[in-house]
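S.K.: Below: one structure in structure tokens.
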């Protein structure tokens, strides 16, 4: 396939949207004292109490090395606590302070969602949500098929 203006624009637009989202949320969370990845980590811990760091890394798309750094910072801030689980696993839970910070952060995120919904319209936001979910699933499926180059046209 020859390069043209249309090739790759979808992924460039997705990357630009991701960067804009991260910057906007980062700004909204700055006075709370957490980063966007830390917000995702806190939310994952809230949804899955006693989650391990390895599970957290997978569920929040953070590298294991970055997870160690983030978990350490969240522990030092008193937002999470870790305790021995089964075997060598350390289980991670939110502290009361962590719940409070997560609640404040959720209000900020909800404000961002309201803003986007007001700008784009509820129907467009619903269509985007469904389309992004379908795209994510297709790309995750491609991880299995790309080893045979099933997604290429040649």
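S.K.: Among the listed residues 54, 44, 24, 66, which satisfies the condition of being part of a helix (DSSP H, G or I), touching a helix residue (DSSP H, G or I) at 6+ places or on another chain (Cβ under 8 Å) and modelled with pLDDT under 90? Working first, answer last.
M.R.: On the way: 44 fails: modelled with pLDDT under 90; 24 fails: modelled with pLDDT under 90; 66 fails: modelled with pLDDT under 90.
Exactly one of 54, 44, 24, 66 is part of a helix (DSSP H, G or I), touching a helix residue (DSSP H, G or I) at 6+ places or on another chain (Cβ under 8 Å) and modelled with pLDDT under 90, namely 54.
S.K.: Looking for whichever is crowded, with 17+ Cβ neighbours inside 10 Å and farther than 30 Å from residue 138 by Cβ here; the options are 45, 41, 34. Which one fits? Walk me through how you get there before you give the answer.
M.R.: Numbers: 45 fails: farther than 30 Å from residue 138 by Cβ; 41 fails: farther than 30 Å from residue 138 by Cβ.
Result of the check over 45, 41, 34: 34.
S.K.: Identify all residues within the range 81-102 that are surrounded by 11 or more Cβ atoms within 10 Å (Cβ to Cβ), assigned to a helix (DSSP H, G or I) and either touching a strand residue (DSSP E or B) at 6+ places or on another chain (Cβ under 8 Å) or without any contact (Cβ under 8 Å) to a residue 40 or more places away in the chain (or both); write none if there are none.
M.R.: Step one: list which residues in the range 81-102 are surrounded by 11 or more Cβ atoms within 10 Å (Cβ to Cβ), which gives 81-82, 85, 89-95, 97-102.
This time we only want the ones that are assigned to a helix (DSSP H, G or I), so: 97-102.
Within the range 81-102, 97, 98, 100, 102 qualify.
S.K.: Which condition from (1) at pLDDT 95 or above; (2) in a helix (DSSP H, G or I); (3) surrounded by 10 or more Cβ atoms within 10 Å (Cβ to Cβ) is the one that residue 78 breaks?
M.R.: (2) is the only condition that residue 78 fails.
S.K.: Continuing with the same structure: Of the residues in the range 27-37, how many are under 16 Å from residue 107 (Cβ atoms) and in a helix (DSSP H, G or I)? Step through it out loud before you land on a result.
M.R.: In the first step, residues of the range 27-37 are kept if they are under 16 Å from residue 107 (Cβ atoms); the result is 27-34, 36.
Now narrow it down to the ones that are in a helix (DSSP H, G or I): 27-29, 36.
Here the count works out to 4.
The values are calculated or read from the model by the stated rules, or taken from the named source; none is laboratory data. If you're wondering where the values come from, they're calculated on a predicted model, not measured in any experiment. Methodologically, a virtual Cβ is constructed for each residue, glycine included, from the backbone with ideal geometry; neighbour enumeration extends over all protein chains shown.
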